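Enquirer: Just passing along the structure, written as structure tokens.
FYI, it's all coordinate maths here, none of it is from the lab. No experiment lies behind these values; they were computed from the predicted model shown. Cβ placement follows ideal geometry from the backbone for every residue including glycine, while neighbour counts extend to all protein chains displayed.
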Amino acid sequence: MTLAAGFGLVDGAGVRREATDMADARSIASLTISFGLVAIPVKLYSATIAAERISFNMLHKKDGSRLKQQYICATEGTVVDRTEIVKGYEFAKDQYVMFTSEEIKELEEAGSTEIGIGEFVPLESVDPVYFERTYYLAPDKGGSKPYTLLVTALREAGQCAIGKWAARGREHVVVIRPLDVGMAMHQLHFQAEVRPMKDLGIEPANVSDAELKLAHQLISQQSSKSFDAGSYVDEFKGRVEAAIQKKVEGKEISLAEQPVVRKGGGNVIDLMDMLRASLQARGPSDAAARNGSGRGTGARESGAPNGAAQTLGARKAPKRAAKVPVKRTAAKSGAARKSSRG
């Protein structure tokens with residue numbers, strides 16, 4: 001079994017275990033956007049690729065066998081079968097009211113295939129803190145023209161649509177906005193689900209005009225024309241995939257000392273000196289390079305701004321410890337293959 005770039009694990013027969021090709025995207029549901037008297041049939045797709053996330057199985061350390069989840073009664077200390085499980089709400093300490101699955105279904109919102117648009121607002125008026133989940137909407141059969149009409153109208157008007165959609169037993173508020181040649185739909189949190197910033201009790205500190213001027217200069221040096229998601233990579237995922245492949249092949253893996261994390265304390269620092277050092281470390285040509293044809297290299301490619309390491313100063317690369325051989329047994333070898341296949 002090997003790792004194919006961008007496609008996850010591939011077994012000996014060449015079967016991709018985690019395909020991420022958008023050509024393999026399958027619609028979640030068929031819906032209809034209600035736009036005035038116009039009905040636009042659309043297909044709903046997940047905007048994220050679940051296979052890009054690495055997950056581990058829980059195994060028995062002794063023999064590498066999969067573990068099963070069981071529910072234990074706190075009073076009797078016995079395993080409870082799923083047929084005997086009901087849901088309960090704790091209204092007071094250790095006091096619950098119980099609901100059967102039938103009662104829960106009665107309370108749930110009936111699923112709907114319609115997304116009813118209620119209003120149009122500027123997209124910047126919707127704070128991203130309300131975004132919960134993102135989907136893509138593509139035209140279904142017979143919906144190409146009205147779909148393109150809505151996409152074009154929203155883009156030219158600089159607006160997004162606010163609507164409602166019922167799914168998974170709940171009604172959701174959604175934002176529909178143009179994205180490239182299509183549309184994205186963002187499922188929103190309700191206002192009661194979002195904690196107000198004032199609850200944090202933040203008290204603004206006094207800053208001088210000179211400090212603010214240097215901060216503006218630093219922001220200007222690190223500014224880009226737009227956000228480029230492709231310039232940031234999941235380095236943790238790459239390390240885990242490499243370690244998995246080595247274990248599958250029975251190779252050794254090496255353990256490295258973790259860098260020392262400096263915790264913020266109560267030490268008084270000279271903010272002006274720190275800002276000046278940051279500006280000097282970046283250099284005058286960084287902003288031009290970021291907004292030009294070329295991208296930064298070194299720390300920039302790994303997701304860190306150019307000069308970040310120089311700004312922080314004394315941090316050194318972690319020392320590598322001696323290689324630790326991986327013990328392999330027949331049971332563990334089989335478990336590794338089983339775990340990697342998901």
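Enquirer: Could you run the Karplus curve 6.51 cos²θ - 1.76 cosθ + 1.60 with θ = phi - 60° over the range 89-95 and give me ³J(HN,Hα) per residue in whole Hz, x for Gly and Pro?
Expert: My calculation for the range 89-95 gives 10, 7, 8, 8, 4, 6, 10 Hz in order.
Enquirer: Along the Cα→Cβ direction, 7 angstrom out, place labels at Ser226 and Leu123. What is the inter-label distance in nm?
Expert: 1.0 nm
Enquirer: Could you grab the relative contact order for the range 133-259? Cα pairs under 8 Å, six or more apart, rounded to a whole percent. Walk me through the numbers on the way to the answer.
Expert: Details: 86 pairs, mean separation 22.4, N = 127.
It comes to 18 percent, rounded to a whole number.
Enquirer: Place a +1 charge on the Cβ of each Lys and Arg in the range 100-254 and a -1 charge on the Cβ of each Asp and Glu, then give the dipole magnitude about the Cα centre in debye, rounded to the nearest 20.
Expert: 560 debye
Enquirer: I'd like to compare 204-215, 149-160, 172-183: which one has the highest average count of other Cβ atoms within 10 Å, and what's the full order after that?
Expert: 172-183, 149-160, 204-215
Enquirer: Quick one: which residues, 5 or more positions from Met183 or on another chain, have an amide H under 5 Å from its amide H? H modelled 1.01 Å from N in the peptide plane, none for Pro or chain starts.
Expert: Hits under the 5 Å cutoff: Leu137.
Enquirer: Moving on to the next point. Any idea how far apart Gln70 and Arg133 come out in nm if each label point goes 7 Å out from Cα toward Cβ?
Expert: 3.2 nm
Enquirer: Could you compute the FRET efficiency for Ile28 and Glu211, with r as their C-beta to C-beta distance and R0 at 56 Å, rounded to 0.05? Walk me through the intermediate numbers first.
Expert: Working: r = 50 Å, r/R0 = 0.89.
After rounding to 0.05, the efficiency reads 0.65.
Enquirer: Still on this model: Which of the pairs Lys61/Lys87; Lys93/Lys198; Lys198/Lys237; Lys62/Lys237 have their Cα atoms more than 31 Å apart in this structure? Could the numbers behind the result be given before it?
Expert: Details: Lys61/Lys87 33 Å; Lys93/Lys198 29 Å; Lys198/Lys237 36 Å; Lys62/Lys237 27 Å.
Exceeds cut-off: Lys61/Lys87; Lys198/Lys237.
Enquirer: Something else about it: Under the Karplus relation 6.51 cos²θ - 1.76 cosθ + 1.60, θ = phi - 60°, what is the ordered set of whole-Hz ³J(HN,Hα) values for the range 174-189, x standing for Gly and Pro?
Expert: Per residue, the Karplus-derived 3J(HN,Hα) values read 10, 10, 10, 9, x, 9, 6, 9, x, 9, 10, 10, 9, 7, 9, 6 Hz.
Enquirer: Which one of Ile244, Leu200, Phe190 has its Cα pushed farthest toward the positive end of the charge dipole of the range 145-260, where Lys and Arg give +1 and Asp and Glu give -1 at the Cβ?
Expert: Ranked along the dipole, the leading option is Phe190.
Enquirer: Could you order the peptides 236-247, 29-40 from most to least packed, using the average number of other C-beta atoms within 10 Å per residue?
Expert: Order by mean packing, descending: 29-40, 236-247.
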